[in-house]
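A.B. asks: Take a look at the following structure, please.
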Amino acid sequence: MDSKKIIRGFLKDSVEIARRISMVKKVQVTFSDEQLKLIKRLRGTMGFSDSDVVRNIVIFYLSEKSYIKEEISNKMKSESG
């Protein structure tokens with residue numbers, strides 16, 4: 001399978017998971033010129049705008065560290081019990 005398709009599928013699923021976990025909030029973040037260049041280079045593969053790219057990087061990091069899985073598990077436990 002094409003790696004771009006895999007990444008897009010993962011990101012789409014990750015955004016949906018994040019939306020289910022909590023309400024949407026805006027956060028102001030400051031980046032250096034070098035960081036912003038990297039974010040702009042990732043447009044198209046990790047999102048369609050700078051905010052999409054940053055959001056997906058954060059979601060990917062949280063997912064990789066299992067924070068999202070833990071949060072969903074804790075939420076399901078509290079709703080069922």
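Nothing in this text is a laboratory measurement; each read-out follows from the coordinates by a stated rule. Because the structure is a prediction, the values reported are computed rather than measured. Cβ placement follows ideal geometry from the backbone for every residue including glycine, while neighbour counts extend to all protein chains displayed.
A.B. asks: Would you mind checking K5/K77; K25/K77; K25/K69; K26/K75; K5/K37 for any pair whose Cα atoms are more than 27 angstrom apart? The partial results should precede the final answer.
C.D. replies: Values: K5/K77 33 Å; K25/K77 25 Å; K25/K69 20 Å; K26/K75 22 Å; K5/K37 23 Å.
In this structure, K5/K77 exceed 27 Å between Cα atoms.
A.B. asks: Sticking with the crude label model, points 7 Å out along Cα→Cβ, report the distance from K40 to E70 in nm, one decimal please.
C.D. replies: Using points 7 Å along Cα→Cβ, the separation is 3.7 nm.
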